[in-house]
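Undergrad: First the structure, which I've put down as structure tokens, then a few questions once you've had a look.
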Amino acid sequence: METNKNFSLNCPLPIDKYSHILMAHGGGGKLMHQLIEQLFLANFPPVNSVSHDSAILDLSEKKIAFTTDSYVVNPLFFPGGDIGLMAVYGTVNDLAMVGAKPLYLSLSFILEEGLSIDTLWRVVESIKKAAEICQVNIVTGDTKVVEKGKGDGIFINTSGIGIIEHNLQINPLAIQEDDVIILSGDIGRHGIAIMAVREGLEFETSIESDCAPLHFTVLNLIKEGVEIHCLRDLTRGGLASALNEIAIAGQWEMNIDEDSIIVAEEVKGACEILGFDALYVANEGRFVVFTPEREAEKTLSILQKENPHARVIGRVKKANKGVVILNTVMGSKRVIDMLSGEQLPRIC
């Protein structure tokens with residue numbers, strides 16, 4: 001596992017006395033307040049300089065987006081990211097998928113008794129850095145401690161609020177017949193980066209997660225006047241599950257071309273070793289765009305500035321039921337169903 005070479009511990013908590021999380025850190029007394037004030041509030045001060053049970057936010061806009069998510073990834077740190085980075089980027093990306101500009105996040109921790117304070121501090125530092133990159137404020141949160149053996153180090157819950165400054169209707173029901181499906185980059189990196197660490201796999205080239213914020217790219221598409229009908233980020237279940245969810249919601253047939261979907265050679269190799277299908281492997285920095293064919297060239301020119309592997313991968317047709325059909329490199333057709341179970345557990 002790669003270490004963060006830029007990480008330097010600068011924790012105001014008395015680590016020599018409390019080097020690990022105790023049950024008392026969640027008990028409502030001095031230790032809990034010390035943890036909150038000296039670790040969390042030191043990094044995420046209240047936006048109005050007042051610490052209270054609720055944050056008061058100025059949201060004068062008419063259209064607000066709101067989302068929530070939880071993160072239970074194992075391991076906590078992996079090539080290209082960590083649970084803290086994912087907690088911020090994942091929530092921001094959910095807001096981006098409706099074309100919202102993220103503004104505020106909540107942040108709640110469930111900590112296991114015995115967790116190293118060093119580990120917690122490293123996660124908090126990562127969250128702080130990610131929030132700065134995304135230009136969002138963490139405005140409220142909570143901390144709970146559970147007994148040793150009743151958790152798994154750290155679980156994180158986040159909620160996000162963003163504003164919608166456009167008149168587009170971005171959702172599965174806005175898709176139209178003959179829309180093209182554009183994939184923002186290569187797939188499978190995140191899930192394989194996680195599994196490579198778990199299984200101790202080594203490759204000639206290190207596989208790093210694609211964990212990244214997507215809202216800047218989405219907002220740029222909107223700014224440039226692209227007629228976006230639907231967006232979806234490709235997290236659990238990967239590309240295949242995301243397309244199936246949208247196809248079922250709108251009763252569409254989606255035809256996608258296997259030779260247009262880019263999978264890095266090292267990811268292909270890992271999938272073969274582990275018995276995975278890259279179409280179902282999770283991503284944390286990829287999304288699909290549904291847009292009229294006349295918008296394809298403009299959309300690709302914007303996306304390829306961020307990732308040269310962005311491609312038109314398919315088209316939408318009318319159907320009596322939602323279905324995803326893969327045109328294989330062998331010239332055959334294959335129905336891509338939803339997974340009946342979870343291919344990769346604990347990857348986000």
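The values are calculated or read from the model by the stated rules, or taken from the named source; none is laboratory data. Small disclaimer: the values here were computed from a predicted structure and weren't measured. Cβ sites come from the backbone with ideal geometry, for glycine too, and all protein chains shown count toward neighbours.
Undergrad: Identify, by number, the condition in (1) assigned to a strand (DSSP E or B); (2) touching a helix residue (DSSP H, G or I) at 6+ places or on another chain (Cβ under 9 Å) that D142 doesn't meet.
TA: Condition (2) is where D142 drops out.
Undergrad: Take K144 and decide whether it is surrounded by fewer than 22 Cβ atoms within 10 Å (Cβ to Cβ), farther than 17 Å from T68 by Cβ and charged (D, E, K, R). Steps first, please.
TA: Working: surrounded by fewer than 22 Cβ atoms within 10 Å (Cβ to Cβ): yes; farther than 17 Å from T68 by Cβ: no; charged (D, E, K, R): yes.
No.
Undergrad: Return the residues of the range 297-348 that are among the acidic types (D, E) and either part of a loop (DSSP other than H, G, I, E, B) or touching a Pro at 6+ places or on another chain (Cβ under 9 Å) (or both); say none if nothing qualifies.
TA: Looking only at the range 297-348, we keep the residues that are among the acidic types (D, E), and these are 297, 306, 337, 342.
Listed by number, the residues that qualify are D337, E342.
Undergrad: Is there any pair linking a residue in the range 210-235 that is within 14 Å of R286 (Cβ to Cβ) to one that is in a helix (DSSP H, G or I) and aromatic (F, W, Y), with Cβ under 9 Å and at least six apart or on different chains, and which?
TA: From the range 210-235, the pairs are C211/Y89; A212/Y89; P213/Y89; L214/Y89.
Quick grid of which residues meet (1) buried (at least 18 other Cβ atoms within 10 Å of the Cβ); (2) out of contact with any Cys (no Cβ under 8 Å at 6 or more places or on another chain); (3) under 19 Å from R189 (Cβ atoms); (4) in the same structural domain as R232 (by TED's automatic domain parsing):
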{"position": "K62", "(1), (2), (3), (4)": "no, yes, no, no"}
{"position": "D69", "(1), (2), (3), (4)": "no, yes, no, no"}
{"position": "G81", "(1), (2), (3), (4)": "yes, no, yes, no"}
{"position": "Y89", "(1), (2), (3), (4)": "yes, no, yes, no"}
{"position": "L95", "(1), (2), (3), (4)": "yes, yes, no, no"}
{"position": "G114", "(1), (2), (3), (4)": "no, yes, no, no"}
{"position": "K129", "(1), (2), (3), (4)": "no, yes, no, no"}
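Undergrad: Just checking, which of D118, D186 is surrounded by fewer than 22 Cβ atoms within 10 Å (Cβ to Cβ), in the same structural domain as S209 (by TED's automatic domain parsing) and of a type in the set (D, E)? Quick ask: steps written out before the conclusion?
TA: Details: D118 fails: in the same structural domain as S209 (by TED's automatic domain parsing).
Going through D118, D186 in turn, just one is surrounded by fewer than 22 Cβ atoms within 10 Å (Cβ to Cβ), in the same structural domain as S209 (by TED's automatic domain parsing) and of a type in the set (D, E): D186.
Undergrad: Could you identify the single residue in I138, I181, I156 that is in the same structural domain as T299 (by TED's automatic domain parsing) and either within 20 Å of K298 (Cα to Cα) or surrounded by 15 or more Cβ atoms within 10 Å (Cβ to Cβ) (or both)? Spell out the reasoning first.
TA: Details: I138 fails: in the same structural domain as T299 (by TED's automatic domain parsing); I156 fails: in the same structural domain as T299 (by TED's automatic domain parsing).
After applying the criteria, what remains is I181.
Residue-by-condition table, conditions (1) touching a strand residue (DSSP E or B) at 6+ places or on another chain (Cβ under 8 Å); (2) under 23 Å from L214 (Cβ atoms):
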residue: G237; (1), (2): no, yes
residue: I246; (1), (2): yes, yes
residue: E253; (1), (2): yes, no
residue: E258; (1), (2): yes, no
residue: A264; (1), (2): no, yes
residue: G269; (1), (2): no, no
residue: I273; (1), (2): no, no
residue: F276; (1), (2): no, no
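Undergrad: Okay, next question. What number of residues within the range 289-348 satisfy the criterion of being within 26 Å of the chain's Cα centre (by Cα) and more than 20 Å from L183 (Cα to Cα)?
TA: 10
Undergrad: Are there any helices (runs of 4 or more DSSP H) wholly within the range 192-290 with 2 or more residues that are over 19 Å from L326 (Cβ atoms) and either modelled with pLDDT of 95 or more or assigned by TED's automatic domain parsing to the domain that holds G80 (or both), and if so which? Reasoning before the result, please.
TA: Numbers: elements: 215-223, 238-250, 265-274.
Passing ranges, in order: 215-223.
Undergrad: Take the range 73-116 and flag every residue that is out of contact with any helix residue (DSSP H, G or I) (no Cβ under 8 Å at 6 or more places or on another chain) and part of a helix (DSSP H, G or I).
TA: Listed by number, the residues that qualify are M86, G90, T91, D94.
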